[in-house]
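Have a look at the structure below, then the notes.
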Amino acid sequence: MKYWLMKSEPDSFSIDDLARKPKQTQHWDGVRNYQARNMMRDEMKSGDLVFFYHSSCKQPAIVGIAEVCREAYPDFTANDPENKYYDPKNDPDKPRWYMVDIRLVRKLARDISLAELKQYGELADMPLLARANRLSIMPVSKTNWQFILKLENKPV
DNA sequence: GCCAACGTTGGC
DNA sequence: GCCAACGTTGGC
């Protein structure tokens, strides 16, 4: 089983939005970056766990845990000219973009902010902390996953 | 709102 | 195939 981190802008889709979805499940549409797509298409498996991360907001932070509940399938929003993620170059018969479904496992007891994560040398190898990392999906090592979970119940 | 980083596009 | 221009991401 693998661990991941997925970014979402809370203004467009927050952890609470996920919690309100039927079955607390959402298809992860709109990924238009090949590296992120490859990870979803080739490596994400049902049961993999995901840190849900709020980006481009007042306090960027890991806010919850989700699990992959459906493995990669074509991202239908790429075929819909009305959709903001429409890709005119996409051939529906040879889909270029993929998505997975994720289901909320739980919100964290407290948000663990990017600023806090940066304080720990143990996490220095996280791609999230690399300078100007723009990937919306990235792997998390088991070691880092467990380290971050321990922070959850640590007094701030 | 600024700016650094970096992916994509398109002319040559 | 190179590379400049442009667009997007995302922290601050």
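FYI, it's all coordinate maths here, none of it is from the lab. Just so you know, these numbers come straight off a predicted model, no measurement behind them. Here the Cβ positions follow ideal geometry from the backbone for every residue, glycine too, while neighbour counts run over all protein chains shown.
Things worth noting here:
- Total formal charge among the other residues, if their Cβ is under 11 angstrom from that of A:Ala72, Lys/Arg +1 and Asp/Glu -1: -1
- Vicinal HN-Hα couplings computed from phi for the stretch A:51-64 (Karplus, 6.51 cos²θ - 1.76 cosθ + 1.60; Hz; Gly/Pro x): 7, 8, 10, 8, 10, 6, 8, 4, 10, x, 6, 7, 10, x
- Computed from Cα atoms, the angle from the helix A:142-152 axis to the main principal axis of chain A rounds to 60 degrees.
- In this structure the amide hydrogen of A:Gly64, modeled in the peptide plane, comes within under 5 Å of the amide hydrogens of A:Phe52, A:Leu108, none closer than 5 places in sequence on its chain.
- Each label point was placed 7 Å from the Cα along the Cα-to-Cβ direction; for A:Lys21 and A:Ser141 their separation is 3.0 nm.
- The stretch A:87-156 and the stretch A:1-47 have their alpha-carbon centroids 10 Å apart.
- For chain A, the longest site-free run once trypsin sites (Lys or Arg not before Pro) in DSSP loop states with at most 12 other Cβ atoms within 10 Å are removed: A:1-44
- Flagged links, alpha-carbon separation over 20 Å, of A:Lys7/A:Lys84; A:Lys2/A:Lys94; A:Lys7/A:Lys94; A:Lys7/A:Lys58; A:Lys118/A:Lys150: A:Lys2/A:Lys94; A:Lys7/A:Lys94
- In a simple Cβ point-charge model (Lys, Arg +1; Asp, Glu -1; nothing else charged), the stretch A:3-151 has a dipole of about 320 debye relative to its Cα centre.
- Gain on full extension, evaluated as 0.36 nm per residue between A:Asp11 and A:Glu122 minus their Cα-Cα distance, stands at 36.9 nm.
- Dipole of chain A [Lys/Arg +1, Asp/Glu -1 at C-beta], most positive-end residue of A:Gly121, A:Pro88, A:Val105: A:Gly121
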